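Take a look at the structure below.
No lab work stands behind these numbers, since they all come straight from the coordinates. Because the structure is a prediction, the values reported are computed rather than measured. Every residue, glycine as well, gets a Cβ built from its backbone with ideal geometry; the counts of neighbours run over all protein chains shown.
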Amino acid sequence: MLGLNPTLILKLRRNTKSSGQYRTDADLRAARRKPTRQRFRRPIGGHALATMLLFACSSLFADQRATYLFDVYFDDRLVGTHRFERTATDDGKDVIESHADFQLKILFFNAFQYQHHSREVWQNDCLVALTAETESRRGAEKTELSQEGSLPRLTVNGAEKEIAAPLDCLSTFAYWRRDLTSRSHLMNAQSGAVVPVQIQTLPVAEGATDERIRISSDKLNIDVIYDLKGDWIGLETALPKDHRLTYRLQPAYALAK
């Protein structure tokens, strides 16, 4: 999955339910300035801010290759980064690779470590292939999706798994896709599970410089943030005890577009 992994959100929810306050890391504060609302300002320059394929009229993937990097925060504390690279192939496919590396410390020990790499292939606005590898405290996981004839084949840790969703056009939690609101089921790339979701566009306040959609299910509630041109620039989700997990596009990547 690109972007924030639903499995990761659920793990963080469990961790925050059982943990106390997080210890301040002076070295981290010195190395990284506290994030501000400036990270969500509308980018300036030629093309709109590019993150992933925003098909149709405006796309930050107007070039053959695009790269951008998100800082990931637990409340105001930087816990890692998530990098995305997209390549448009000559045969009309979009190949998206993502690399996530998070580390969360509680007091004097590492409460959570997470590394995730995925490669998605899209064609005609549908997911046609996927390889995802994840390392966490639970161990290693690998998910693969391929096409066998006209039907997709899914394996999780080497075992074939039935896809409990309409098979005509699959989608992961592909936050860069502005057409995500038309989807009723999204696949968790880490586990291969297909999640029924409700997706709504939130009202845009007067004077706002961004717009949002909300992805909801039984255990998830994710706000995906776009600039007014429709390009993905951030993500937020609430966690227990008033904590929050946030993706913020690094300013250098926003201004480059």
Quiz item: Once both labels are modelled 7 Å past Cα along the beta-carbon direction, what's the Asp101-Asp218 spacing in nm?
Solution: 3.6 nm
Exercise. Pop out the ³J(HN,Hα) list for the range 164-176 in order, Karplus 6.51 cos²θ - 1.76 cosθ + 1.60 with θ = phi - 60°, rounded to Hz; leave Gly and Pro as x.
Key: 8, 6, x, 9, 6, 7, 7, 8, 8, 6, 8, 5, 6
Exercise. Provide the FRET efficiency to the nearest 0.05 for the Ser150-Ala238 pair, computing r from the beta carbons and using R0 = 41 Å.
Key: 0.55
Quiz item: Which number comes out as Rg/Rh for the range 58-213 once both Rg and the Kirkwood Rh are worked out on C-alpha atoms?
Solution: 0.98
Quiz item: So what is the relative contact order for the range 179-257, in percent, with contacts set as C-alpha pairs under 8 Å and at least six apart?
Solution: 16 percent
Quiz prompt | Cα-Cα over 26 Å, subset of Lys142/Lys229; Lys105/Lys219; Lys93/Lys142 | solution = Lys142/Lys229
